[in-house]
Structures are given as C-alpha cells and as structure tokens.
Amino acid sequence: MKRIQLRLTAWLLLSWSVVGWGGESGVPRNVTLAGLGCQPGSSPPLTSMDQGKSAEAVGALEAYLALEFAERPPLADQPFATTSLSRADAERARGQLWNDHAARIRRERRDELKAGKLREGKYEMPFFWKKFGEKPADGWSLYISLHGGGGTTHAANDQQWENQKRLYRLEEGIYLVPRAPTDTWNLWHQQHIDGLLGRLIESLIVLEGVNPNRVYLMGYSAGGDGVFQLAPRTADRLAAAAMMAGHPNETSPLGLRNIGFAIYMGGRDAAYNRNRIAAEWKEQLAALQRADPVGYRHQVTIFPDKGHWMDREDAAALPWMARFTRDPLPKKVVWKQDDVWHDRFYWLAIDQPPRTPRSLVIATRQRQEIAIETCDSEQLVVRLNDTMLNLDEEVVINFGRQTLFRGRLPRTIGLLAKTTQRGDPKLVFSAEIQVDLPSHADERQTKAE
C-alpha cells in the first residue's frame, strides 16, 4: 500500500503545472536557449513566487526519482525540467541526480567490473586492473595503460596485453590494462575505443571511488599511437597522458592545451620515422607553450641510444604524470575535432558534426564573460554552472567585437540531468545557451532568401 501511495504522490507532482520563465531582452535572433524548449530571451531574477516554484520543482524531481527506472517517463518532457531554479535548489537537484546515477551504475555495472570484461555492440573489451598503495581521501588515481601490437595475430596481441600488465608499477592508484577489441593496426584509436574507455572511467568513479580529476592515459608502441590520438580528443577526461614509442599519424596536438603530455622515444627507433616525428612534436609543443604559457605543459624525452624498447626508462612518465590534477573547467578551451567526432569538450558542446573536417573552436571565460575567439562550427553550445560564474547575474557572450548574448540564463533540472548522464561529477552544468556564429547565420539567411 505504501508503494502505491508513493507512486500516486509522484505522479501528482509530475502532473503539476509550472509557469515558465521568459521575458524580452533584445537578444539577437542567432541565440537559442538550448535544449529547454523556450523562446530566446533572458531569465529575469527569481521573485519570491519563483523561489517557491524552484523548490517545488526539486520536490517534483525527488518524486520522479522515487519511481522505478523503467516506469519513469522522459525527464525532459516533465514540467519541472524547465523551471528556473535558485542556486541552492540547483545544487540540491544536482545531488539528487548524481545519487540516482550512482545507484544505477552500482546496480547495472558491478558484475561487469567483477568479470573484467565489457561489451558495446559487437565489440568486447577484457581488462585487467590492480590497486597499488592506499586509497587517498579524495579517491584513487586511475592509470589506463594501452598495450602494443596491432596489425598482427590475435595470439600476438594477447601476449602484448600480458606484457603490459607487468610493465609498470605505481606508488598509488589503480593500474588498468584493457585488451583491445580488435587486432587491427589502429586498434586503439577507432571510434568504439572512446566510448569503451569512457564507460570504464564512469564505472570506476562510482564503484571504486576513482578521483575524476586524477585519470591518466599511457601506452606503448601501438598503444602509444592510441595515446597520440585519444589524448587530444578526450583531454577533458584526463589530467595527463604519456606516449611511449608510438606514431601520431595525422593527429594534432592542439587539444592538449589543458593537460600534461609526455613523449618517450628511443633515438634509434626509426621505424615509421617515429624518432624524427617525436622530435618534431617536441618543437610543436614548445611553440604552442611559448604562445600560450599557461597551457601545453609537456615533457619530451628521446633516449639517444635506445631503440623501440627503452629498457623501462620510460617508467619515469608515471611520477611525472602524477604531478597533474585535471582542471575540469579551464579558463581557456582549445577544441580540435579529430576523425572521431565528439559532441562535447569541457564546457562547450555542438549538436551535430561540423561541416568543416577537423574543425577548431577556441573560447575563453573571464568573470561573467565568454569570448569565442575561433569557431569553425555553425553553432556552439556554451554550458555554465555557478562554479564558473554567477548565474544570478548577466552573462555576456562575445565573438570578436560582436555581442551574441547579454542576459541571465536559467538553471534547469533538464540540463543538470542531461549532463549528469556523462558520469563525471565535475562536468555537470545547470545552464546552457546555443549561439549561431555570425558568418554561418548570414550564410543560412542568404540561402533562405
């Protein structure tokens, strides 16, 4: 009887009607309050009546989350999803949503972690993991170590996986060695790898208490190829990365701006010009850091007398990486798309692949202002929370000399829920806005005319 009453209460709250926020603010036509189902406009300050509706929305969320997961209607369709929240209520809602997410991870993925194997579609990725030292108060460090091989037999790649399990030791942390799902030459930088490694990180944050700001990526030979490609495009998940004896192929270092990046190479490792290209990357990274002294922290070590095997001297990468802690909300973001497209990077997002291959976005934040310096995408979503700025005050978004938006943005449960789904408690946002970049907006208007 008590369960029936709880569900009845939940549905009564879910059917409660909310008066939305809105108001004219002179916002240009190239601005959309993304994902909220609202007309362009600026959110006015919350009145005492609005404060009450904010609290009611969080109460409705609590009732919604009390329903069995399979019985919940889409959260985005609920009236409370678009109600403007106070800062305190947004924090309450964030906590409720994270706790619900964590409970689901514990329920659905514990057996997967115990089995040491995960599946995504047709791909299966076994993994080995081992703990070193004592768990720090703020959570374990996580080192993901990618084996070599690639382009050879299944048995040969299995042996490379076994070798990688024993290759390094930690002072503290979880040392995790996945076995690549395929045996191809590019076994560590195909599209499915990003999702599989992301799933592992999400699970370990909840199930083993990994610190999401202390995740590190490393790899040897073909695993180093993977680090070269994965680190720039997944840098928002990482504190640092180390590449050993690999080749970057066509990738760019631009996305490494906010993490530590190390290269270890044998000076005699001439196959595929690995040694020469490592020296070129050393110069590229140094030039990037000269132009942007706060970013592109790096170390490149080329051992003159070593070949492809560096006699474990590359193990120096582990204490070097351990010096770094991720900043999940950096003041400057350099987002360079790779051949594997991502729809979000730190506090930026896009809804669809840009027409420009390997597009570039550069944006900075300072107090209440977001400055978009470069954007090859037609549209850009800027995501915000109260750690970054004060959402009770006006936010300004500029592109060059043009102001794309000036006004207040609402905190909503809908966006908190959407960004919680990524499984990173440090990258949850309560407000967002989508802007059309002027040149692209003008181009679309010309075509329409």
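Readers should treat all values here as calculations from the given coordinates under stated rules, not as data from a laboratory. Because the structure is a prediction, the values reported are computed rather than measured. Backbone-built Cβ (ideal geometry, glycine too); neighbour counts: all protein chains shown.
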task = In debye, nearest 20, what is the charge dipole magnitude of segment 350-449 about its Cα centre with +1 on Lys and Arg Cβ and -1 on Asp and Glu Cβ, if you could check?
result = 260 debye
request  = Taking the Cβ of Val381 as the centre, find all other residues whose Cβ is under 12 Å away and add up their charges (Lys, Arg: +1; Asp, Glu: -1).
outcome  = -2
task = Return, ordered by residue number, the residues of segment 341-371 whose backbone nitrogen is under 20 Å from a label point located 7 Å along Cα→Cβ of Val294.
result = 345-349, 361-371
remark   = The FRET efficiency for Trp185 and Asp77, from their Cβ-Cβ distance with R0 = 51 Å and rounded to 0.05, is 0.65
key: Kirkwood Rh in Å, taken over segment 326-449 so that all alpha-carbon pairs contribute   = 15.1 Å
task = Quick one: order Trp281, Trp309, Trp188, Trp140 by neighbouring beta-carbon count within 10 Å, fewest to most.
result = Trp309, Trp281, Trp140, Trp188
ask   = Of Lys53/Lys332; Lys282/Lys331; Lys122/Lys282; Lys117/Lys418; Lys165/Lys418; Lys282/Lys332, which ones are farther than 32 Å apart at the Cα?
value = Lys53/Lys332; Lys122/Lys282; Lys165/Lys418
task = Place the peptides 206-214, 108-116 in order of packing, highest mean first, counting for every residue the other Cβ atoms within 10 Å and averaging per peptide.
result = 206-214, 108-116
query = Considering only Gly307, His192, Gly226, whose Cα is most displaced toward the positive end of the charge dipole of segment 116-321, charges sitting on Cβ of Lys, Arg (+1) and Asp, Glu (-1)?
reply = His192
request  = Would you calculate the separation in nanometres between label points at Ala88 and Arg268, each defined as 7 Å from the Cα along the Cα-to-beta-carbon direction?
outcome  = 7.0 nm
note = Total charge of the residues flanking His247 in space, meaning their Cβ is under 11 Å from its Cβ, with Lys and Arg +1 and Asp and Glu -1, is -1
note = Pseudo-spin-label distance Lys114 to Val396, built 7 Å along Cα→Cβ, given in nm, is 5.7 nm
ask   = Working out 0.36 nm times the residue gap between Asp311 and Lys122, then minus their Cα-Cα distance, what length gain in nm do you get to one decimal?
value = 64.4 nm
request  = Treat the count of other C-beta atoms within 10 Å as a stand-in for reagent exposure and order Phe399, Phe132 from fewest to most.
outcome  = Phe132, Phe399
message = Between (i) 23.6, 76; (ii) 27.7, 99; (iii) 21.3, 75, which entry matches Rg and Dmax of the Cα atoms in Å as derived from the coordinates of this structure?
response = (i)
task = Taking the Cα centre of the chain as origin, work out the dipole magnitude from +1 charges on Lys and Arg Cβ and -1 charges on Asp and Glu Cβ, in debye rounded to 20.
result = 780 debye
Beta bridges by DSSP in the chain, antiparallel share as percent, to the nearest 5 = 55 percent
request  = Could you tally the net charge around Arg166, taking each other residue with its Cβ under 13 Å from the Cβ of Arg166, Lys/Arg +1 and Asp/Glu -1?
outcome  = +3
